[in-house]
Amino acid sequence: MRPPRDQTNHFSDDLLGAAVPSPPAEDAGDARLVERAREGDEDAFAALVARYERKLLRVLTRLVHDHELARDLSQETFWRVYNRLDRFDTSRRFGPWLFRVAVNLGVDQLRRRDAIPPAPLPIDPRRDDDGTGPCPMEVADPDPRPREELAQEVRHVLEQLPVAYRTILVLRDLEGFSSAEVAAIVRRREATVRWRLAKAREQFRRLWERRMQQQDQGGTDPMCSPSPSTSTPTPIVPEARHAH
């Protein structure tokens, strides 16, 4: 299985590995597959694609809110990685490198365009930064509106966040990457990731409350729906826990 033809040339050579402590057994398997792929075993690279393609597509779709564009970016990601396997440090983790390439491509797209088409996001229970308790955005009372409608509202608010904050929320709160993994993907210190995550959640909460106030006051935003009779709580930013 061959990745598609490369369509762009901009790629930073510093995206060739990510140091993350205590790599799991799956990462050792990735390293073996990379070694085989370097030797010309196309089945080995196909196995890497099969292992990561679904989650990679989810991350990109949630980042750029366009499924077809996300699919193109996913293919571009695998092509770039395929062409640089000989420069990848197999003592480091393959997954964070792969997702870093994908996120960089997605962020480039976000910065080049003016608008993002709508796409629904699921709303699921959350955890906090350490995975031991409720997410700071969690509330006791659920939003009474239909799930899909609420998901569209979440998407709309996410689009108003700075790209750096949105990226952190997508990776940490939507896809469930650990703080260490997010740090490896975005090439920032873990402490910086935690700080940005807290800021992103805080800004999301403020934007959400402002949007709900506009609806309560009969705002004319075409994406707004009639507000419920009671105040609408801040939703839980979703996180889907799927294996790579």
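The values are calculated or read from the model by the stated rules, or taken from the named source; none is laboratory data. Keep in mind that this is a model prediction, so the values were computed, not measured. As a convention, Cβ positions derive from the backbone with ideal geometry for all residues, glycine included, and neighbour counts pool all protein chains shown.
Is it the case that Ala240 is in a loop (DSSP other than H, G, I, E, B) and either within 28 Å of Val101 (Cα to Cα) or at pLDDT 90 or above (or both)?
Answer is yes for this residue.
Suppose the filter is on the phi > 0 side of the Ramachandran plot and either outside any helix (DSSP H, G or I) or under 13 Å from the mean Cα position of the chain (by Cα) (or both); does Gly40 pass it? When the stated conditions are applied, Gly40 passes them. Name every residue in the stretch 64-95 that is under 16 Å from the mean Cα position of the chain (by Cα) and of a type in the set (Gly, Ala, Ser), in order of residue number. Correct list: Ala70, Ser74, Gly95. Considering the stretch 167-182, and only residues there that are surrounded by fewer than 23 Cβ atoms within 10 Å (Cβ to Cβ) and at pLDDT 90 or above, the residue that is nearest to Val103 (Cα to Cα) turns out to be Glu181.
The set of residues from the stretch 150-166 being in contact with a helix residue (DSSP H, G or I) (Cβ under 6 Å, 6 or more places away or on another chain) and assigned to a helix (DSSP H, G or I) comprises Val157, Leu158, Val163, Tyr165, Arg166. Reported count of residues in the stretch 87-109, each being outside any loop (DSSP other than H, G, I, E, B) and surrounded by fewer than 17 Cβ atoms within 10 Å (Cβ to Cβ), is 2.
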